[in-house]
Amino acid sequence: MIHIGICDDEASLRKSLRILLETKLQLMGEDYRISEYDSGEGLIANEGTAWPDILFLDIEMKQLSGMDTARLLRKKEARTILIFVTAYPDFVFQGYEVHAFHYILKPYEEHKIRNVLEQALEELGKSQEQFFALEQKSGALKIPMKKILAFSSDRRKVAVLLDDGEKLDFYGKLNEVEKNLPDYFIRCHNRHLVNLNHVDGLEKDCCICGTMQFPVSRSCRQNLEIAFARLLLR
């Protein structure tokens, strides 16, 4: 079952968005439930229950803003797909900090809601289904792609760097690993492949992923910058 959240302090807008989402989900034959929150505080207080898989989050709310709500959500390691709702397009460029998936401008356009929902459901399916298979002496491991920060090579070994700080090594070549990865993994250096979903920012000669930094080579910089920009604006 897909869990969708709507967080907006205006009841009428929550209702209109809910009707649009329910109509589309029913037509698609999806099994779903929708939770409504009238404030960011109400959403965060929901800790202990499952976070929404997809969250439509208003940016401009009377108390805790949508951006601050998103920051708190990410601190709690919620993997929720965030779709910001705002009347102010200037907020779009702040979303990279909290890995926003998309933006919808008020007033809602029905076709836009439907399209963004379809994209979010597709993304949710990818994140739920994709794993990296790793063979070790103790047996085979299935690592969710969304937990992988990067792959780094060192001579004959490749290291899998996870978002919890764990590091797993195996014998192999980075070129061969790259062939079987989703397109959100991209080269930043001949020895490093980074997961764009974990990239917090790009500096002159490095790529920042949480507390880790990876070198960016001159030959990889342009492709990396284009891919990162596309991720922010999609």
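The values are calculated or read from the model by the stated rules, or taken from the named source; none is laboratory data. Since this is a predicted model, take the numbers as computed values, not measurements. So basically every Cβ, Gly included, is an ideal-geometry build from the backbone, and we count neighbours across all protein chains shown. Calculation scope for accessible area: heavy atoms of the full protein, side chains included, ligands and nucleic acids excluded. Shrake-Rupley method; radii C 1.70, N 1.55, O 1.52, S 1.80 Å.
Calculated FRET efficiency, ASN190 to ASP68, Cβ-Cβ distance, R0 = 25 Å: about 0.05 to the nearest 0.05. Electrostatic tally near ARG218: other residues with Cβ closer than 13 Å to its Cβ, Lys and Arg +1, Asp and Glu -1, net +1. Summary of packing: across the peptides 56-62, 19-25, 109-115, the per-residue average of other C-beta atoms within 10 Å ranks them, highest first, as 56-62, 19-25, 109-115.
Our summary gives the chain a relative contact order of 12 percent, counting only alpha carbon pairs under 8 angstrom and 6 or more residues apart. Comparing LEU117, LEU202, LEU141 in a Gaussian network model of the chain where C-alpha atoms under 10 Å apart are linked, the largest mean-square fluctuation is found at LEU141. DSSP bridge analysis restricted to the chain gives an antiparallel fraction near 60%, rounded to the nearest 5.
Rounded to the nearest 20 debye, the dipole size of the chain about its Cα centre is 1020 debye, using +1 on the Cβ of Lys and Arg and -1 on the Cβ of Asp and Glu. Annotation: extensible slack from ILE2 through THR211 equals 72.1 nm (criterion: 0.36 nm per residue apart, minus Cα-Cα distance).
Of the residues GLY42, GLY29, GLY172, the one that moves most in a GNM of the chain with alpha-carbon contacts below 10 Å is GLY29.
Annotation: lysines with alpha-carbon distance below 18 angstrom to LYS173 (same-chain offsets under eight excluded): LYS157. Note on LYS112: lysines with a C-alpha under 28 Å away, same-chain residues under 8 apart excluded, are LYS15, LYS24, LYS62, LYS126, LYS146. A straight chain from GLU60 to GLU10 at 0.36 nm per residue would run longer than the Cα-Cα distance by 17.0 nm. For the chain, the solvent-accessible area of protein heavy atoms averages 55 Å² per residue (probe radius 1.4 Å; ligands and nucleic acids excluded).
Entry note, the chain: the mean residue ellipticity at 222 nm calculated from DSSP H runs of n ≥ 4, each adding -39500 (n - 2.57), is -10000 deg cm²/dmol after division by the residues and rounding to the nearest 500. Farthest toward the positive end of the dipole of segment 142-185, out of PRO144, TYR184, GLY172, is the Cα of GLY172, where the dipole comes from beta carbon charges about the Cα centre. With each label modelled as a point 7 angstrom along the Cα→C-beta vector, the GLU203-GLN130 pair spans 2.8 nm. With springs only between Cα atoms under 10 Å apart, run a GNM on the chain and tell me which of ARG14, ARG156, ARG221 wobbles the most. Among ARG14, ARG156, ARG221, the largest GNM mean-square fluctuation belongs to ARG156. Between THR23 and LYS112, residue separation times 0.36 nm minus the direct Cα-Cα distance comes to 30.7 nm.
In terms of its C-alpha gyration tensor, segment 1-88 comes out oblate, because a/c is 1.5 or above while a/b does not outweigh b/c. When a 1.4 Å probe is rolled over the protein heavy atoms, the share of accessible surface on the chain that falls to carbon and sulfur comes to 48 percent.
Once the dipole of the chain is set up with Lys and Arg at +1 and Asp and Glu at -1 on Cβ about the Cα centre, which of ILE226, LEU55, SER12 lies farthest towards its positive end? Going by the charge dipole, the pick is ILE226.
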